[in-house]
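The values are calculated or read from the model by the stated rules, or taken from the named source; none is laboratory data. This structure is a prediction, so every number in the text was calculated from the model and none was measured. Because the Cβ atoms are built from the backbone with ideal geometry, glycine has one as well, and the counts that use them run over all protein chains shown. For accessibility, only protein heavy atoms count, side chains too; no ligands or nucleic acids. Shrake-Rupley method; radii C 1.70, N 1.55, O 1.52, S 1.80 Å.
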Amino acid sequence: MDRIDQLLESYQDEMVQTLRELVRIPSVDGEPQAGMPFGENCAKVLDYALKKAESFGFETLNDENYAGHVAFGGGSGKTLGILAHLDVVPEGEDWTVPPYEAIVKDGYVYGRGSTDNKCSCVSCLYALRAIKEAGLKLNDRVLLIMGCNEESGSKDMEHYMSHIGMPDYGFSPDSGFPVCYAEKGIHRIAMTAAYEGESPIVSIEAGNAVNIVPNRCHAVLRGTEEDAQKLRAAAEKLGASCKTDVKDGKIEFEIEGKAAHGAFPAGGRNAVSLMMEALSVLDLGGAQRAVQMLRDTLGEKDWDGKKLNIALEDEPSGPLTVNLGILRADDKGMRVDLDIRQPVTASFDEVLSRVRGVIEAYGAKAESTHISEPLYVPKDSELVTTLMRVYKEITGRDDQPFSMGGGTYARTMKNAVAFGPSLPGSKSCGAHGPDERLFIEEMFTASRIYARTERGYHAFDFRIAEN
């Protein structure tokens, strides 16, 4: 065991405690305040992380609470950027433990953000600490850049890159090992449909974030006990749990699905799709066509986009996926927000045009609400091959680089990829869902890999200046 590994092993208890303190800050994107563009908790979590780095003797910078960095090394004029995030998606429902208590149980740290992505901030920070305390000096500068808006549009990186500058090369520890060389384009589309007349629908709500598969959908309808019984029977036929309550001529009906990350919708069960199927047993009056549109195009297993005529695929990044993340409806009409992860070669304009071509037959409209350009770095590039070499030297594994539908900060740079922290067959799980949890040993392994990468261990064109 070399000096770096010895130091990292000595930090293990402290690493777990630092992660727990970060998880205990509910850093969901919040109402902007003076000097806090993403709310008080995002500013608070960034402040905690930077002060922790300062306690290790590092130079830090806070970019107006958009993002911040921890700096080490320098001299050659080149910079390695490591881009991680401290913000989290809303906690949602169905947790078996409190989402912000950071409970340690059976080798895991439970809590929102434990895997996505606060563990990476901890792994990379303590890897830098080990390099520093081992007395190694680096020719190239390393910046651990921690942002506060990754889950809600990456406005933090836009601000940081324009005010502080872009590193020469880097990686985002917000995916999996070994290396993710391609990230699909992220395309968010709002579909709206007005009812054609009166309807029993008073309201329908599901989802808090477009990049999460909604696990519950709640409706208020005008109706009778007989109507409620039809809904219960429909839910039973679908194999879905539900709740109903009938009072003063109104039915409250809630149906349950399964949450998952919106980039991987096949891993969940969309409660909106289940709701639309259940509602089809009723006379919906003027809302009939709007509900039928969702049933026809975004059913429970229609995450491939085929029924929206957008089932696109390419060799670098694979097939398109669709997640219906948010539904809001009242007695006049409804809006749904889609999170589409499209292949790197697909056109955003073409995808929107195809969606419009399908839903216009139902009297509905569609507009793009957010576009994030795809990332593609060839597998034979110096960046990818170098990271692969470091990974293989540390783990002894011969895994291959991959593409994914998830999006990371890597796409905000010109020469970056996603690199870790999850290992193949990872035991960590629950990102964007209930009971998110980090398998602690994986955080320690990631820190060893990142330490070799940060210090230029047979890597890139920066080298250890002296040992």
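Across the range 411-453, the convex hull enclosing all Cα atoms gives 92 Å³ per residue. Could you work out the local net charge near Ser120, counting Lys and Arg as +1, Asp and Glu as -1, over the other residues with Cβ closer than 12 Å to its Cβ? Residues near Ser120 contribute -3 overall. Normalised Debye scattering of the range 26-175 at q = 0.12, 0.19, 0.21 Å⁻¹ gives log10 I(q)/I(0) of -0.51, -1.17, -1.36, counting only Cα atoms as equal scatterers and leaving out solvent.
When Lys and Arg each count +1 and Asp and Glu each count -1, what net charge do the other residues less than 12 Å away from Gly81, Cβ to Cβ, add up to? Walk me through the intermediate numbers first.
On the way: positive: Lys78, Arg141, Lys414; negative: Asp140, Asp168, Glu454.
Every neighbour counted, the sum reads 0.
Applying a 4.7 Å Cβ-Cβ cutoff to the chain leaves Cys119, Cys121, Cys124, Cys180, Cys217, Cys242, Cys429 as cysteine residues with no disulfide-compatible partner.
Leaving out ligands, DNA and RNA, and with a 1.4 Å probe, what % of the accessible surface on the chain is carbon or sulfur? Kindly include the intermediate steps, with their values, before the conclusion.
On the way: 8330 of 18470 Å².
Carbon and sulfur together cover 45 percent of it.
Computed with a 1.4 Å probe over protein heavy atoms only, the accessible area of His69 comes to about 10 Å². In straight-distance terms, cross-link reach from Lys306 covers every one of the lysines whose alpha-carbon lies under 24 Å from its own, apart from those fewer than eight places away in the same chain; here that gives Lys184, Lys258, Lys365.
With q set to 0.06, 0.08, 0.12 Å⁻¹, the log10 of I(q)/I(0) for the chain, from the Debye formula over equal scatterers at the Cα positions, is -0.29, -0.49, -1.01.
Axis angle, to the nearest 10 degrees, between helix 288-297 and the longest C-alpha principal axis of the chain: 40 degrees.
If we count every other residue with Cβ under 9 angstrom of Ser203's Cβ, Lys/Arg +1 and Asp/Glu -1, where does the sum land?
Numbers: positive: Arg328; negative: Glu205, Asp330, Asp331.
Combined, the nearby Lys, Arg, Asp and Glu give -2.
Helix 225-238 axis versus longest C-alpha principal axis of the chain: approximately 50°, rounded to the nearest ten.
Taken over the range 267-420, the alpha-carbon convex hull comes to 129 cubic angstrom per residue. What is the helix-to-structure angle for 348-359, meaning the angle in degrees between its Cα long axis and the longest Cα principal axis of the chain, kept from 0 to 90 and rounded to the nearest 10? Orientation of helix 348-359: about 20 degrees from the principal axis.
Could you do me a favour and compute the accessible area per residue for the range 1-143, 1.4 Å probe, result in Å²?
Numbers: 5490 Å² over 143 residues.
Normalised by residue count, the accessible surface of the range 1-143 is 38 Å².
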